[in-house]
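*Asks:* One structure, pasted below without further comment.
The values are calculated or read from the model by the stated rules, or taken from the named source; none is laboratory data. In this text the structure is predicted, and so the values were computed from the model without any measurement. Counting neighbours? That spans all protein chains shown, and the Cβs are built from the backbone with ideal geometry, glycine included. To get the accessible areas, we keep the full protein, side chains included, count just its heavy atoms, and leave off ligands, DNA and RNA. Shrake-Rupley method; radii C 1.70, N 1.55, O 1.52, S 1.80 Å.
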Amino acid sequence: MNQKHLSFSEPVAKALSQGKPVIALESTIISHGMPYPQNVETALNCERIARENGTEPATIAVIEGRLCAGLSPAQLEYLGKAGPSVVKASRRDLPVLIARKQTGATTVAATMIIAALAGIRVFATGGVGGVHRGAQTSMDISADLEELAKTSVAVVCAGVKSILDLGLTLEYLETRGVPVLGYQTDELPAFYTDKSGFPVDARMDSPQQIADVLRAQCEIGYPGGMLITNPIPAEFAMPADVINAAINKALQEADQQHVKGKAITPFLLDRVVQLTGGDSLNSNIQLVYNNVALAARIAAAL
Ligand code: PSU
Ligand code: MN
């Protein structure tokens, strides 16, 4: 690994040099995952929650061609305000952004790469990309899953959103050798709801147990990440029928409008927020906070 294109914010550099716990946070969730100004407010609150739980947050993005671990409040504001006009940067976009000195908001895959370069092992987000419904013909499988297979960063998320095919996503993760842990659950959470009907590989009951699994993975020495799924707190979960109706309508619209490629996930996220009259946005924000707190406790336990 080569840190030539990497830049650290001062607080992140300091925390890493002192051996303090640091967690990564992604930035596509800010630019493409939520509307302004709630996106900036959420990003700032995530950083505060990480610090309250004893961890330094490193929000990750590409800024004018630099791979940045740790952003200033002004940079967060910029990404939030610019929204989808910023490049949604996954693994394959990094070389172009670097060479052209452009700015991009990093997906789970690209954030994992930069976190690994920076020496950060734990990363919190809302939802990861996965195998899309209809992938049998579209072949739309998120690069996030490939990254989980090869880059040694543990990703804390609220499970898999049912805009995706949950069963196929789990099959893919199994094939690629990615452990899928459930925090205080035996069942894969489904993002807006705490249950999906699909089992996780192993239930974990404390941050320390998760840290032990991570350490074991490190000690074996083969590369690869891990998915830590953390159910949305019950008081913020959406009624399953309401959220499923919105998702099905959004999927139908995406199909009618021929939305494809990297545009589809942001399209579906945006339509689900609109179709639920904003209710799903609050659930989304709350589950991200819950994930940041768990990631911080895992990083502290490491
Ligand atoms: N799922 C969400 N919110 C998000 C994303 C996914 O609930 O913001 C974003 C993440 O950045 C994720 C990316 O890495 O979408 C996946 O995009 P794609 O499906 O194009 O790989
Ligand atoms: Mn895709």
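Results for (1) among the aromatic types (Phe, Trp, Tyr); (2) over 22 Å from Ala301 (Cα atoms); (3) away from ligand 1 (no atom under 11 Å from the Cβ), shown as yes or no for each residue.
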| position | (1), (2), (3) |
| --- | --- |
| Gly65 | no, yes, yes |
| Leu71 | no, yes, yes |
| Ala124 | no, no, yes |
| Ser162 | no, yes, no |
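*Asks:* Starting from residues that are of a type in the set (S, T, N, Q) and free of Cβ contacts under 8 Å to residues at least 24 places away in the same chain, keep the ones in region 227-269 and report whichever is nearest to ligand 2 (Cβ to nearest atom). Spell out how you get there, then give the answer.
*Replies:* So the first thing to find is which residues in region 227-269 are of a type in the set (S, T, N, Q), and the list is 229-230, 244, 248, 252, 256-257, 265.
Keeping just the survivors that are free of Cβ contacts under 8 Å to residues at least 24 places away in the same chain gives 248, 252, 256-257.
On the way: Asn248: 19, Gln252: 18, Gln256: 19, Gln257: 16 Å.
Filtering first and then ranking leaves Gln257.
*Asks:* Looking at the structure I just gave you, is Pro189 without any contact (Cβ under 8 Å) to a residue 60 or more places away in the chain and touching a Cys at 6+ places or on another chain (Cβ under 9 Å)?
*Replies:* yes
*Asks:* Continuing with the same structure: Looking at the structure I just gave you, is Asp270 within 23 Å of Lys88 (Cβ to Cβ) and among the acidic types (Asp, Glu)?
*Replies:* Spelling it out, Asp270 is indeed within 23 Å of Lys88 (Cβ to Cβ) and among the acidic types (Asp, Glu).
*Asks:* Which of the residues belonging to region 168-192 are open to solvent by 20 Å² or more (accessible area, probe 1.4 Å), under 19 Å from Val131 (Cα atoms) and touching a helix residue (DSSP H, G or I) at 6+ places or on another chain (Cβ under 8 Å)? Before the answer, list the steps.
*Replies:* Step one: filter region 168-192 for residues open to solvent by 20 Å² or more (accessible area, probe 1.4 Å), giving 168, 170-172, 174-177, 179, 183-184, 186-187.
Restricting the remaining residues to those that are under 19 Å from Val131 (Cα atoms) gives 168, 170-172, 174-177, 179, 187.
If the condition is that a residue be open to solvent by 20 Å² or more (accessible area, probe 1.4 Å), under 19 Å from Val131 (Cα atoms) and touching a helix residue (DSSP H, G or I) at 6+ places or on another chain (Cβ under 8 Å), then Leu168, Tyr172, Arg176, Gly177, Pro179 are the ones that fit.
*Asks:* For Leu268, work out the one condition from (1) hydrophobic (A, V, I, L, M, F, W, C); (2) closer than 19 Å to Ser27 by Cα; (3) open to solvent by 10 Å² or more (accessible area, probe 1.4 Å) it doesn't fulfil.
*Replies:* Status for Leu268: all satisfied but (3).
*Asks:* With respect to the numbered conditions (1) surrounded by 20 or more Cβ atoms within 10 Å (Cβ to Cβ); (2) away from ligand 2 (no atom under 16 Å from the Cβ), which one is the sole condition not fulfilled by Gly119?
*Replies:* (1)
*Asks:* Same structure again: Give the residues of region 29-48 that are farther than 18 Å from Ser90 by Cα and open to solvent by 20 Å² or more (accessible area, probe 1.4 Å), sorted by residue number. Give the steps one after another, and end with the answer.
*Replies:* Here is the first cut: in region 29-48, the residues farther than 18 Å from Ser90 by Cα are 35-48.
Passing the criteria: Pro35, Tyr36, Pro37, Gln38, Glu41, Leu44, Asn45, Arg48.
*Asks:* Oh, and also: Between a residue in region 129-154 that is near ligand 2 (Cβ under 9 Å from one of its atoms) and any residue that is hydroxyl-bearing (Ser, Thr, Tyr) and part of a helix (DSSP H, G or I), which pairs come within a Cβ distance under 8 Å, given they are 6 or more apart or on different chains?
*Replies:* Note: pairs meeting the criteria are Gly129/Thr265; His132/Ser138; Ile141/Tyr172; Ser142/Thr265.
*Asks:* Of the residues Arg100, Arg92, which is of a type in the set (Lys, Arg) and either buried (at least 17 other Cβ atoms within 10 Å of the Cβ) or without any contact (Cβ under 8 Å) to a residue 40 or more places away in the chain (or both)?
*Replies:* Details: Arg92 fails: either buried (at least 17 other Cβ atoms within 10 Å of the Cβ) or without any contact (Cβ under 8 Å) to a residue 40 or more places away in the chain (or both).
Answer to the check: Arg100.
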